[in-house]
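Visitor: One structure, as structure tokens, below. Some questions next.
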Amino acid sequence: MMWKTAAHTDAVELDGEWVLLDSQRYVVTKLNEAGGRVWGRLKEGATLEMLVADLVAEYEIDADRARMDIEAFVNRLSDAGMIEHVA
């Protein structure tokens, strides 16, 4: 699976936390460090498998847990219109 960030979204990192701005809906969303890492990798075109490997390496969690967390996170972003499924 692969996603891309919506054209009407932008992100900035502030003190280890990420803030997303949806300029179409005027919505601001705050992400923690892991969410910001995933967001940045989504912008680079990372696949689900790449994201899982990143979180396993960075946070020393098992792959199943990482996959569940990433899927839940991207589903919320998708539901909010901040990312789009592309493959």
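Every read-out reported here was derived from the displayed coordinates using simple, explicitly stated rules and does not represent laboratory data. Keep in mind the model is a prediction, meaning the values are calculated, not measured. Backbone-built Cβ (ideal geometry, glycine too); neighbour counts: all protein chains shown.
Visitor: For residues that are hydrophobic (A, V, I, L, M, F, W, C) and farther than 19 Å from A7 by Cα, tally how many sit in segment 17-72. Before the answer, list the steps.
Guide: Step one: of segment 17-72, the residues hydrophobic (A, V, I, L, M, F, W, C) are 18-21, 27-28, 31, 34, 38-39, 42, 46, 48, 50-53, 55-57, 61, 63, 66, 68, 70, 72.
Still in the running and farther than 19 Å from A7 by Cα: 34, 48, 50-53, 55-57, 61, 63, 66, 68, 70, 72.
Adding up the residues that qualify gives 15.
Visitor: If you don't mind, another one. Is it the case that segment 30-40 has a residue that's closer than 19 Å to E84 by Cβ and either among the charged types (D, E, K, R) or in contact with a Ser or Thr (Cβ under 8 Å, 6 or more places away or on another chain) (or both)?
Guide: Within segment 30-40, one or more residues are closer than 19 Å to E84 by Cβ and either among the charged types (D, E, K, R) or in contact with a Ser or Thr (Cβ under 8 Å, 6 or more places away or on another chain) (or both).
Visitor: Inside segment 1-19, can you point out the residues that are within 22 Å of A87 (Cβ to Cβ) and among the aliphatic types (A, V, I, L, M)? Don't jump to the end; show me each part of the working.
Guide: First pass over segment 1-19, keeping only residues within 22 Å of A87 (Cβ to Cβ): 1-9, 11.
Correct list: M1, M2, A6, A7, A11.
Visitor: How many residues does segment 49-76 contain that are free of Cβ contacts under 8 Å to residues at least 24 places away in the same chain and among the β-branched types (V, I, T)?
Guide: Here the count works out to 3.
Visitor: Something else about it: Quick check on my filter: what residues within segment 12-41 are assigned to a strand (DSSP E or B), surrounded by fewer than 18 Cβ atoms within 10 Å (Cβ to Cβ) and not acidic (D, E)? Break it down into steps so the answer makes sense when it comes.
Guide: The first filter runs over segment 12-41 and keeps only residues assigned to a strand (DSSP E or B), leaving 12-14, 17-22, 27-31.
After this cut, where a residue has to be surrounded by fewer than 18 Cβ atoms within 10 Å (Cβ to Cβ) as well, the list is 12-14, 17, 19, 21-22, 27-30.
Within segment 12-41, V12, L14, V19, L21, V27, V28, T29, K30 qualify.
Visitor: Among the residues of segment 57-84, how many are more than 29 Å from V27 (Cα to Cα) and surrounded by 18 or more Cβ atoms within 10 Å (Cβ to Cβ)?
Guide: Of the residues in segment 57-84, 0 are more than 29 Å from V27 (Cα to Cα) and surrounded by 18 or more Cβ atoms within 10 Å (Cβ to Cβ).
Visitor: Can you report the number of residues in segment 47-68 which are closer than 23 Å to V86 by Cα and outside any helix (DSSP H, G or I)?
Guide: 1
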